[in-house]
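A short worksheet on the structure shown next.
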Amino acid sequence: RCSRNIASNASQEPPPFAFVFDIDGVLLRGPDILPAAKRALNILEGDNVLRKKIPYILLTNGGGVGEHERCEKLSAQLGLPISPSQYCQAHTILKKFSHKYADKPVLVLGGKLDTVRKVAHGYGYRKAFTTLDVLAWKPSHRKAGHDDFSKTPISAVFVYHDPRNWALDVQVACDVIQSGGIIGGPYVNLKDQDEPVELIFCNPDLLWKSDFDRPRLGQGAFKTAFQAVFQAVTGSEYPHVQFGKPTEATYEFAEELLEARVQEMYGSGARLSSHIYMVGDNPESDIAGANFAEWFSVLVKTGVYEPSYGLPSHLPTYYADDVEEAVKWAVDREM
Ligand code: G3P
Ligand code: MG
């Protein structure tokens, strides 16, 4: 049904604009769908003056499960098909780098550990391990065909999603980094390490909006805790790579995904319009990233941003009460 709908657009020109939606605080609050979300997406699914489907993708700093699994759940919650081709979460971008680590042991942190390990395997990181795998490893395992962490160094630590056991994850990450990747190995001065362990975070959000009244601490809070401990122990923070909104890498990746979505809907010759509207609730991630990417940014009041706190740290193109008002404003200004 979905492919037939998509094919029927192929003969038309795409609308001269497209949307990118944040999820938490815009479409969802915790497990609950925000009332305006279904009305907003129905406008884009064809209930508009153009009588055309208006392309959109979802761009979230959330994660912890596979894209297909999350899209199935979102489709059921929103009551319309959300395809993995229109979904980008915090760690989706890691698919681009799996060739570099295909057979190198890497540590993956966050969320439900065995689920995140499965996600990493699905991306092509064939030797992804969790902190519980490391905790369970014993030197006696050397003979048992397990991966011998005392010989095969962990080459990178990926923080996929918000860690649940900060103490364990901070401890194991500090061990792995200081010992050059060798679990239980001697600590080697970082400047004497030939191949220092790489550290990659996928979501910088200090705060995010769930169904609790006050914003919740996100992966950015874990990163702050880890770096504070690492600095206390070694004298300096550890160099790292940051993905997720508002980073340029993630917005470039999202724009590629959106162009592919336009072509999936309107044929391979279709081009993405320069008029991209990002609707978000977090000035630090959604608005900052969209402004830097030279998209239009719409800040809604259903999430992290609270007007009573004064001006946001990054000023949007437009303020909207909710995602439905945001979509109506954008469609009206394009007509
Ligand atoms: O962990 C999710 C949170 O960091 C924010 O998610 O959808 O508002 O980018 P989102
Ligand atoms: Mg949000």
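So that you can scan it fast, the table gives a plain yes or no per residue for (1) more than 11 Å from ligand 1 (Cβ to nearest atom); (2) touching a Lys or Arg at 6+ places or on another chain (Cβ under 9 Å); (3) under 15 Å from Ala167 (Cα atoms):
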site: Phe201; (1), (2), (3): yes, yes, no
site: Lys209; (1), (2), (3): no, yes, no
site: Gly218; (1), (2), (3): no, no, no
site: Lys223; (1), (2), (3): yes, no, yes
site: Val229; (1), (2), (3): yes, no, yes
site: Thr234; (1), (2), (3): yes, no, no
query: Taking into account only those residues within the range 182-203 that are open to solvent by less than 40 Å² (accessible area, probe 1.4 Å) and touching a residue at least 40 places away in the same chain (Cβ under 8 Å), which is nearest to ligand 2 (Cβ to nearest atom)?
result: Asn203
task: Would you be able to say whether some residue in the range 318-331 is in contact with a helix residue (DSSP H, G or I) (Cβ under 9 Å, 6 or more places away or on another chain), within 22 Å of Asn203 (Cα to Cα) and open to solvent by less than 60 Å² (accessible area, probe 1.4 Å)?
output: no
field: Pair list, Cβ < 6 Å and 6+ apart or interchain, from the range 222-239 residues that are closer than 15 Å to Asn189 by Cα to residues that are among the hydroxyl-bearing types (Ser, Thr, Tyr)
entry: Phe230/Tyr238
query: Any idea which residue in the range 230-244 is farthest from ligand 2 (Cβ to nearest atom), counting only those that are open to solvent by 60 Å² or more (accessible area, probe 1.4 Å) and part of a helix (DSSP H, G or I)?
result: Val233
message: I'd like to check something: does the range 17-24 contain any residue that is more than 16 Å from ligand 2 (Cβ to nearest atom) and either farther than 14 Å from Gly79 by Cα or in contact with a His (Cβ under 9 Å, 6 or more places away or on another chain) (or both)?
response: yes
field: Sole residue being among the aliphatic types (A, V, I, L, M), within 16 Å of ligand 1 (Cβ to nearest atom), out of contact with any strand residue (DSSP E or B) (no Cβ under 8 Å at 6 or more places or on another chain) and in contact (Cβ under 8 Å) with a residue 12 or more places away in the chain, chosen from Ala254, Ala260, Ala249, Ala270
entry: Ala249
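For residues in the range 299-311 being open to solvent by less than 50 Å² (accessible area, probe 1.4 Å) and more than 14 Å from ligand 1 (Cβ to nearest atom), which is nearest to Val331 (Cα to Cα)? Give the derivation first.
Just the residues of the range 299-311 that are open to solvent by less than 50 Å² (accessible area, probe 1.4 Å), to begin with: 299-300, 302-306, 310.
Adding the requirement that they be more than 14 Å from ligand 1 (Cβ to nearest atom) leaves 306, 310.
Numbers: Glu306: 25, Gly310: 28 Å.
Filtering first and then ranking leaves Glu306.
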- line: With criteria (1) under 26 Å from Tyr125 (Cβ atoms); (2) touching a strand residue (DSSP E or B) at 6+ places or on another chain (Cβ under 9 Å); (3) of a type in the set (S, T, N, Q); (4) surrounded by fewer than 23 Cβ atoms within 10 Å (Cβ to Cβ), Gln77 comes up short on (1)
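Here is a list: Ala254, Ala221, Ala249, Ala270. Which entry is open to solvent by less than 50 Å² (accessible area, probe 1.4 Å), outside any strand (DSSP E or B), modelled with pLDDT under 95 and among the hydrophobic types (A, V, I, L, M, F, W, C)? Break it down stepwise before answering.
On the way: Ala254 fails: modelled with pLDDT under 95; Ala221 fails: modelled with pLDDT under 95; Ala249 fails: modelled with pLDDT under 95.
Result of the check over Ala254, Ala221, Ala249, Ala270: Ala270.
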task: Can you run down the residue pairs with Cβ atoms below 6 Å, 6 or more apart or on separate chains, where the first is in the range 113-135 and on the phi > 0 side of the Ramachandran plot and the partner is outside any helix (DSSP H, G or I)?
output: Gly124/Ala102
- request: With a cut-off of at least 1 residues that are farther than 28 Å from Val331 by Cα and within 16 Å of ligand 1 (Cβ to nearest atom), name the helices (runs of 4 or more DSSP H) lying wholly within the range 48-153.
  value: 67-78, 113-123
- prompt: Within the range 289-297, is even one residue more than 16 Å from ligand 2 (Cβ to nearest atom), in a strand (DSSP E or B), open to solvent by 30 Å² or more (accessible area, probe 1.4 Å) and not basic (Lys, Arg)?
  reply: yes
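Take Glu284 and tell me if it is more than 12 Å from ligand 1 (Cβ to nearest atom) and among the acidic types (Asp, Glu).
So Glu284 does not fit the description; no.
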- prompt: So which residues in the range 23-56 are open to solvent by 10 Å² or more (accessible area, probe 1.4 Å) and touching a Lys or Arg at 6+ places or on another chain (Cβ under 8 Å), if there are any at all?
  reply: Asp24, Arg29, Ile43, Glu45, Gly46
task: Can you run down the residue pairs with Cβ atoms below 6 Å, 6 or more apart or on separate chains, where the first is in the range 16-39 and more than 19 Å from Lys52 (Cα to Cα) and within 11 Å of ligand 1 (Cβ to nearest atom) and the partner is among the polar types (S, T, N, Q) and modelled with pLDDT under 95?
output: Gly30/Ser210
- prompt: Quick check, is Glu284 surrounded by fewer than 20 Cβ atoms within 10 Å (Cβ to Cβ), under 29 Å from Tyr319 (Cβ atoms) and modelled with pLDDT of 95 or more?
  reply: no
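The values are calculated or read from the model by the stated rules, or taken from the named source; none is laboratory data. Everything numeric in this text was worked out from a predicted model, so none of it was measured. Positions of Cβ are backbone-derived with ideal geometry, glycine not excepted, and every protein chain shown enters the neighbour counts. These accessible areas exclude ligands, DNA and RNA; they are computed on the full protein's heavy atoms, side chains included. Shrake-Rupley method; radii C 1.70, N 1.55, O 1.52, S 1.80 Å.
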